[in-house]
Amino acid sequence: MTRNCDSYREQAMIDGMDSPAAVRWRLHSKNCNACRNEIHLLGMLYRQANEQRHHISYKDYTRLVETVRQLHQP
């Protein structure tokens, strides 16, 4: 990927995938296989996350919170 690819992607991620920046990235991806694949994978992951949401158990949640606390202690 080139620097242009990075700038298109970063702006689309900042502005959101429904933004004009994302439209520019999609237009760019018509001539760039790497960006086309990346957009396709992001779309698949987004759909999968929306269709297959899983809630973590209370036990796992408390372990996660404790780990974060330990990592961010002053």
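Values in this text are rule-based calculations from the coordinates and carry no lab data. All values reported here derive from a predicted model rather than from experimental measurement. Quick reminder, even Gly has a Cβ in these numbers, built from the backbone with ideal geometry, and neighbours come from all protein chains shown.
Here are a few things to note about the model shown:
- By the Cβ distance rule of under 4.7 Å, the chain has these cysteines without a partner: Cys5.
- Remark: relative contact order (the stretch 3-71) = 16 percent; criterion is Cα-Cα distance under 8 angstrom and separation of 6 or more residues.
- Taking label points 7 Å from Cα along the Cα-to-Cβ direction, Gln70 and Arg47 give a separation of 3.9 nm.
- Packing here is the average count of other Cβ atoms within 10 Å per residue, and on that basis the peptides 13-21, 59-67, 35-43, highest first, run 35-43, 13-21, 59-67.
- Expected 222 nm ellipticity per residue - DSSP helices of 4 or more, -39500 (n - 2.57), all of the chain, to 500: -24500 deg cm²/dmol
- Taking every Cα-Cα distance in the chain and sorting them into 10 Å bins from zero, the calculated P(r) comes out as 17, 32, 20, 25, 6 percent.
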